[in-house]
Amino acid sequence: MRDVVIIGSGCAGLTAAIYSARANLKPLVIRGIEAGGQLTLTTLVENFPGFPKGVQGPELIELMQKQASVFGAEYKDGHVTRVDLSRRPFVLEAEGETIETRTLIIASGASARLLGLDSERKLLGHGVSTCATCDGYFYRGKEVVVVGGGDTAAEDALFLTRYADQVNIVHRRDQLRASKIMQDRLFRNPKVKFLWNSLVSDVLDVERGEVTGIKLKDANTGDETIKNCHGVFIGIGHSPNTSLFRGQLEMNETGYLITHDGSRTNVPGAFAAGDVQDHIYRQAITAAGSGCMAAIDAERFLEAEH
């Protein structure tokens, strides 16, 4: 029987592990499919407090893991395949093992939607990004591409105009899906150019280990052209990793867990932190903060029971 089980090992899950371990709750962290979360897909992180020269994303995750281990956190590789929140203790199945826990902290994050290209995956963190807020600063005075036509792409493109000399929006249709106000801002910005009826068929150059351009396919004719650029931002949204909890926990229309009074879900004893419940900020520091909240909420919940 566990007092605390944490699903997810990104900033939210590991911060929750640090706090709950220091409270002598001996948390078990189930790392998940994407162990370490989205920070493991990035290179230099310059906006996490305490690192004036920046820190590599994987290094930051490793430091957090070690810190939680010092206080007694335990880790289990793999992912959870079943969760029963209908009674307490909660029952989880992970890698063939059944685990019972008095409280559960869900920090399973959200996965960025990608185009599905092999080159895109290989160049993640090396010119391909899913977070304009995180990586825009690195493209001062350069030319970048944003893929997408909704509000996510529009927000990313407008943010990138603060740094890049030119921002090209690649969209498979001849008009955007973004809200009217976002479209108006894009059309008024002289740094924003549009590549209509276009699909990204490849990202160049994997052999060089950096982005040098993209291969574009005309959605009408099938003709292919090369567009030179220094960075590619995928702005087609995120999908919260919440399929395990459908029918058990309250979610919004896009699948993000709904929390109230801090990190509490609609099921007493179940808490949520990080990108699994935050579709607005999606930053390492906000995920860490909500992980802290979830651990404190879980600790107080257990104290009240005793």
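The values are calculated or read from the model by the stated rules, or taken from the named source; none is laboratory data. Bear in mind the structure is a predicted one, so any value in this text is a computation, not a measurement. For neighbour counting, all protein chains shown are included, and Cβ atoms are generated from backbone atoms with ideal geometry for every residue, glycine included.
Look at segment 215-241 and say how many of its residues are under 17 Å from Ile6 (Cβ atoms) and in contact with a Phe, Trp or Tyr (Cβ under 7 Å, 6 or more places away or on another chain).
Here the count works out to 1.
Surrounded by fewer than 21 Cβ atoms within 10 Å (Cβ to Cβ), part of a loop (DSSP other than H, G, I, E, B) and among the aliphatic types (A, V, I, L, M): which single residue out of Leu114, Leu63, Leu158 fits that description?
Leu114
Within segment 282-291, can one find any residue that is free of Cβ contacts under 8 Å to residues at least 24 places away in the same chain, surrounded by fewer than 22 Cβ atoms within 10 Å (Cβ to Cβ) and not in a strand (DSSP E or B)?
Let us first name the residues in segment 282-291 that are free of Cβ contacts under 8 Å to residues at least 24 places away in the same chain, namely 286.
Remaining after also requiring surrounded by fewer than 22 Cβ atoms within 10 Å (Cβ to Cβ): 286.
Then drop every residue that is not not in a strand (DSSP E or B), which leaves 286.
Checked against the condition, which is being free of Cβ contacts under 8 Å to residues at least 24 places away in the same chain, surrounded by fewer than 22 Cβ atoms within 10 Å (Cβ to Cβ) and not in a strand (DSSP E or B), segment 282-291 yields at least one hit.
Being in the same structural domain as Gly57 (by TED's automatic domain parsing), at pLDDT below 95 and either under 17 Å from the mean Cα position of the chain (by Cα) or outside any strand (DSSP E or B) (or both), is that true of even one residue in segment 210-221? Quick ask: steps written out before the conclusion?
The first filter runs over segment 210-221 and keeps only residues in the same structural domain as Gly57 (by TED's automatic domain parsing), leaving none.
Looking for residues that are in the same structural domain as Gly57 (by TED's automatic domain parsing), at pLDDT below 95 and either under 17 Å from the mean Cα position of the chain (by Cα) or outside any strand (DSSP E or B) (or both), one finds none in segment 210-221, hence no.
Taking only segment 16-31 into account, find how many residues are in a loop (DSSP other than H, G, I, E, B) and buried (at least 23 other Cβ atoms within 10 Å of the Cβ).
We begin by selecting, within segment 16-31, every residue in a loop (DSSP other than H, G, I, E, B); these are 23-27, 31.
Restricting the remaining residues to those that are buried (at least 23 other Cβ atoms within 10 Å of the Cβ) gives 27.
Residues flagged as in a loop (DSSP other than H, G, I, E, B) and buried (at least 23 other Cβ atoms within 10 Å of the Cβ) within segment 16-31 amount to 1.
Under 6 Å between Cβ atoms, at least 6 apart or on separate chains: pull out the pairs that start in segment 158-182 with a residue that is under 21 Å from Asp135 (Cα atoms) and assigned by TED's automatic domain parsing to the domain that holds Val145 and end on any residue that is in a loop (DSSP other than H, G, I, E, B) and among the β-branched types (Val, Ile, Thr).
Correct list of pairs: Val167/Thr161.
Suppose we filter segment 34-60 for residues that are part of a loop (DSSP other than H, G, I, E, B), of a type in the set (Val, Ile, Thr) and within 13 Å of the chain's Cα centre (by Cα); how many remain? Full working, then the answer.
Restricting attention to segment 34-60, the residues satisfying the condition of being part of a loop (DSSP other than H, G, I, E, B) are 34-36, 42-43, 46-54.
This time we only want the ones that are of a type in the set (Val, Ile, Thr), so: 42-43.
The next check asks that each one be within 13 Å of the chain's Cα centre (by Cα); those that pass are 42.
Here the count works out to 1.
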